[in-house]
1. Quick one: grab the alpha carbon gyration tensor of chain B, order the square roots of its eigenvalues as a ≥ b ≥ c, and give me rounded if a/c is under 1.5, else prolate or oblate depending on whether a/b is larger than b/c.
2. Quick one: Cα centre-to-centre distance for segment B:21-83 and segment A:23-51, in angstrom?
3. Each label point is 7 Å from the Cα along the Cα-to-Cβ direction; what then is the distance between the points at A:Gln94 and B:Trp82, in nm?
4. What's the angle, to the nearest 10 degrees (0 to 90), between helix B:27-52's Cα axis and the longest principal axis of chain B?
5. Tell me the angle of helix A:3-28 to the major Cα principal axis of chain A, expressed in degrees between 0 and 90 and rounded to the nearest ten.
6. Please report, in debye to the nearest 20, how large the charge dipole of segment A:1-102 is about its Cα centre when each Lys and Arg carries +1 at its beta carbon and each Asp and Glu carries -1 there.
7. From the Cα gyration tensor of segment A:3-99, with a ≥ b ≥ c the square roots of its eigenvalues, which class applies: rounded if a/c is under 1.5, or else prolate if a/b is larger than b/c, or else oblate?
8. At most 11 other Cβ atoms within 10 Å and a DSSP loop assignment: could you name the GluC sites (Glu not before Pro) in segment A:4-98 that fit?
Amino acid sequence: MSVREIIAAMLLGVGVFIELLCAVGVLVMRNPFDRLHYLAPATSLGPLAVAAAVLVAESDAQAKIKSVLVAVVLLATGPILTHATARAAWARLQAHPDTGETDQREES
Amino acid sequence: MNIWLLATGVLLLALLPCAIVIFRAATLDRLVALELAGTITTLLILTLAQELGRPSICDLALALALLSLPGTLVYAYFLERWL
């Protein structure tokens, strides 16, 4: 293995490990606001690490450009999605504060 | 063993907690897990494109990353107003 491949493998490992950790975090937490915290590293650090791994390992320009573009798009849209979801959760909590949570409601 | 194939397998494994949350948790928790699943699937397609050696598959990852934004926003808007 060349130095390039080792660096790429390390970056890829870091990115994939971050994604796995975030998935486990979303599984473990108990309400939407806590779960939303785990979206931040999953949409910023993970894609950046994977895109960097592609940049280091690949020689094809098309793959490089597109993976960087994917990371940039995820980086830009992640905060928007988090904000919209937290706003929806907060609105549901305000509408039905008696339940204490934003869940277990089947009525219209 | 190819590192890209290994990364694809681990990312598939990371989809499992998202599936458990989507099947078992409350409504807004499901939306959060869906967003995370979209991100993980985007990276999965990216690593799969490297593993297969076909850069044109990266287009799929880009399309998914761009389309998961309005998809989730529509869900959030709907859950905020009517449910």
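1. oblate
2. Spelled out, the Cα-based centre of one part sits 13 Å from the other.
3. For A:Gln94 paired with B:Trp82, the spin-label model returns 2.1 nm.
4. The two axes meet at around 10 degrees.
5. Taking the Cα atoms of chain A, the angle to A:3-28 is about 10 degrees.
6. About 140 debye.
7. Numbers: a/c = 6.03, a/b = 2.25, b/c = 2.68.
The shape class here is oblate.
8. When the GluC sites (Glu not before Pro) of segment A:4-98 are filtered for loop state and at most 11 Cβ neighbours within 10 Å, nothing remains.
Each value in this text was obtained by applying a stated rule to the coordinates, not by laboratory testing. Bear in mind that the values here come from a model prediction, so they are computed numbers and not experimental data. We place every Cβ from the backbone using ideal geometry, glycine too, and count neighbours over all the protein chains shown.
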